[in-house]
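**Student:** Just passing along the structure, written as structure tokens.
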Protein chains: 2
Amino acid sequence: MHCRSCHDCTARGFAICAALDETELRELAQLSRHVRFESGATVFAQANIATSFFSVHAGTLRLYKLLPDSRRQIVGFALPGDFLGLPGLPHHEFSADAVGRVTLCQFPKESFATFAEKRPQLLRRMVELAGHELARAQEHMVLLGRRSAEEKIASFLIGWRDRLSGIGRGGEILPLPMKRLDIADHLGLTIETVSRTFSKLERDGVIQIFASGVVLLDTPRAEALSAGVS
Amino acid sequence: MHCRSCHDCTARGFAICAALDETELRELAQLSRHVRFESGATVFAQANIATSFFSVHAGTLRLYKLLPDSRRQIVGFALPGDFLGLPGLPHHEFSADAVGRVTLCQFPKESFATFAEKRPQLLRRMVELAGHELARAQEHMVLLGRRSAEEKIASFLIGWRDRLSGIGRGGEILPLPMKRLDIADHLGLTIETVSRTFSKLERDGVIQIFASGVVLLDTPRAEALSAGVS
DNA sequence: CGTCAGGTTGACGCGTCTCAAAGTGGGTGG
DNA sequence: CCACCCACTTTGAGACGCGTCAACCTGACG
């Protein structure tokens, strides 16, 4: 189950590993285990003590927080190259579970911290990744606080397209591995509103809906909605 | 205008400086300028090229993003000890302006990066701060996406109280230096709803409103609302 | 005393939620 | 191969929370 080699890892270029040279990479690989989760499985849960960090190798995860009455907010989706876990916080801040099959590199928190401690480029890379994550979170706050349902869906689609193309998964059809309920809980909507808005965008010729995703027919219109130009 | 000494800086304990020893602190002080902004002044603006990092010394800033049609989302308020600026991103991701008078330590991006490059404890501290920031952002997403107006206001008050007490500014009266419009744009509400909700909480005996802030009369009730237990 | 920014309150409308029902497709067992 | 089930999605009708628009209040300042 261990990764054949980090050398030809498909997530190599985007992950923290990008900051390491050959020797360090082999050393880090010693610390890591390659783990796999089936669709729907929980990788870790909010408020549990964090004993490991993870780097996503393949697949999609939903990261979410729950309120006591079971309202859910999906704070993000993790894709290959994303790093999960925050040094300096003892507990997991959110839960993570697999959307479809997922594989991850798992690092014991302690030994990873020791490894990173003396490697400024790795730490810099982590600051950088955290910064990108933070920027995405802030952009998402604008979406949640100040956008209409239609703008939310359009923004989500455009943002998802850009993230996928950023890791070399761009294509004609935009795959949406997550369910409508996941999208709703990500955008602060209900499942019905998500469904209705998808339908409206299809009626208006902006998208075409398939079982596995959508095709952007009128990209400029979608981008305009996404930017908030009414 | 330069800080008398970092040694007796009131924000010392919470800021990135906490990671530095005496020698390093003096070296960093060489790089920094102490700057002051009057109420309402803009420290930097979204999408401008970032040439400096900042560490808040005193006062409160609002950090916000604007949509083209001038809808605004305040992504957070910065307090003493907070670090502004993200290594790895060339542009400012949001605008920042002073809420009341503010003083900051300003570091030229280049020289700060050079200084940090070889100091793992500083980098670790930055990862840590970024992590805390990210955790706050995710908590705020829950608020924006899944909470009612009353819960939003209660959460905001409780969160603000906790942040202030975290930097030694706790007290009977909870000062709110920002305007109603700022609170509205932070919580994804309108100014009228904020005002109405404040009034309702006061009618219900949860808070008492003053010109400069509020007093929490029924803290358990406020915390319950904040936690989302109906 | 007038002005002005900020805050409060009320009446009404709209966008989204809620509740309900029907449609779709994939999987399983007869 | 069909019948059935189940999870998921779509669609509709009505309710409701919050936004919109407008009026009024308050205190600071000249």
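The values are calculated or read from the model by the stated rules, or taken from the named source; none is laboratory data. Note that this is a predicted model, so its numbers are computed, not measured. Ideal geometry is used to build each Cβ from the backbone, glycine not excepted, and the neighbour counts take in all protein chains shown.
**Student:** Can you tell me which of B:89, B:143 is touching a Ser or Thr at 6+ places or on another chain (Cβ under 6 Å), free of Cβ contacts under 8 Å to residues at least 60 places away in the same chain and within 11 Å of chain A (Cβ to nearest Cβ)?
**Tutor:** Values: B:89 fails: touching a Ser or Thr at 6+ places or on another chain (Cβ under 6 Å).
Just a single option satisfies the conditions, and that option is B:143.
**Student:** If I filter the stretch B:133-155 for residues that are over 27 Å from residue B:39 (Cα atoms), assigned to a loop (DSSP other than H, G, I, E, B) and modelled with pLDDT of 95 or more, do I get at least one hit?
**Tutor:** yes
**Student:** Among the listed residues A:94, A:54, identify the single one that is in contact with a helix residue (DSSP H, G or I) (Cβ under 7 Å, 6 or more places away or on another chain), surrounded by 21 or more Cβ atoms within 10 Å (Cβ to Cβ) and under 18 Å from residue B:134 (Cα atoms). Give the derivation first.
**Tutor:** On the way: A:54 fails: in contact with a helix residue (DSSP H, G or I) (Cβ under 7 Å, 6 or more places away or on another chain).
On inspection, the qualifying residue turns out to be A:94.
**Student:** Then there is this: Out of the residues in the stretch B:125-175 meeting the condition of being more than 14 Å from DNA strand D (Cβ to nearest atom) and of a type in the set (Lys, Arg), tell me which one is farthest from residue B:190 (Cα to Cα).
**Tutor:** Applying the filter and picking the extreme gives B:125.
**Student:** Consider residue A:189 carefully, then state whether it is within 13 Å of DNA strand C (Cβ to nearest atom) and within 23 Å of the chain's Cα centre (by Cα).
**Tutor:** Details: within 13 Å of DNA strand C (Cβ to nearest atom): yes; within 23 Å of the chain's Cα centre (by Cα): yes.
Yes: the conditions hold for residue A:189.
**Student:** Kindly indicate whether any position in the stretch A:93-101 is in the same structural domain as residue A:25 (by TED's automatic domain parsing), more than 30 Å from residue B:147 (Cα to Cα) and either under 14 Å from the mean Cα position of the chain (by Cα) or not aromatic (Phe, Trp, Tyr) (or both).
**Tutor:** Kept after step one, since they are in the same structural domain as residue A:25 (by TED's automatic domain parsing), are these residues of the stretch A:93-101: A:93-101.
Next cut, more than 30 Å from residue B:147 (Cα to Cα) only: A:101.
After this cut, where a residue has to be either under 14 Å from the mean Cα position of the chain (by Cα) or not aromatic (Phe, Trp, Tyr) (or both) as well, the list is A:101.
The answer is yes, given that some residue of the stretch A:93-101 is in the same structural domain as residue A:25 (by TED's automatic domain parsing), more than 30 Å from residue B:147 (Cα to Cα) and either under 14 Å from the mean Cα position of the chain (by Cα) or not aromatic (Phe, Trp, Tyr) (or both).
**Student:** Related question: Name, by its number, the condition in (1) closer than 26 Å to residue B:169 by Cα; (2) in contact with a strand residue (DSSP E or B) (Cβ under 6 Å, 6 or more places away or on another chain); (3) more than 12 Å from every other protein chain (Cβ to nearest Cβ) that does not hold for residue B:40.
**Tutor:** In the conditions (1) closer than 26 Å to residue B:169 by Cα; (2) in contact with a strand residue (DSSP E or B) (Cβ under 6 Å, 6 or more places away or on another chain); (3) more than 12 Å from every other protein chain (Cβ to nearest Cβ), residue B:40 misses (2) alone.
**Student:** So, in the stretch A:1-45, exactly how many residues are hydroxyl-bearing (Ser, Thr, Tyr), in contact (Cβ under 8 Å) with a residue 60 or more places away in the chain and closer than 21 Å to residue A:86 by Cα? Lay out the reasoning, then the answer.
**Tutor:** Quick first cut of the stretch A:1-45, residues hydroxyl-bearing (Ser, Thr, Tyr) only: A:5, A:10, A:23, A:32, A:39, A:42.
Checking the rest, the ones that are also in contact (Cβ under 8 Å) with a residue 60 or more places away in the chain come to A:10, A:32, A:39.
From what's left, closer than 21 Å to residue A:86 by Cα: A:32.
Of the residues in the stretch A:1-45, 1 are hydroxyl-bearing (Ser, Thr, Tyr), in contact (Cβ under 8 Å) with a residue 60 or more places away in the chain and closer than 21 Å to residue A:86 by Cα.
**Student:** More than 21 Å from residue A:9 (Cα to Cα), β-branched (Val, Ile, Thr), outside any helix (DSSP H, G or I) and within 13 Å of chain B (Cβ to nearest Cβ): is that true of residue A:75 in this structure? If you could, list the steps in order and put the result at the bottom.
**Tutor:** Working: more than 21 Å from residue A:9 (Cα to Cα): yes; β-branched (Val, Ile, Thr): yes; outside any helix (DSSP H, G or I): yes; within 13 Å of chain B (Cβ to nearest Cβ): yes.
Answer is yes for this residue.
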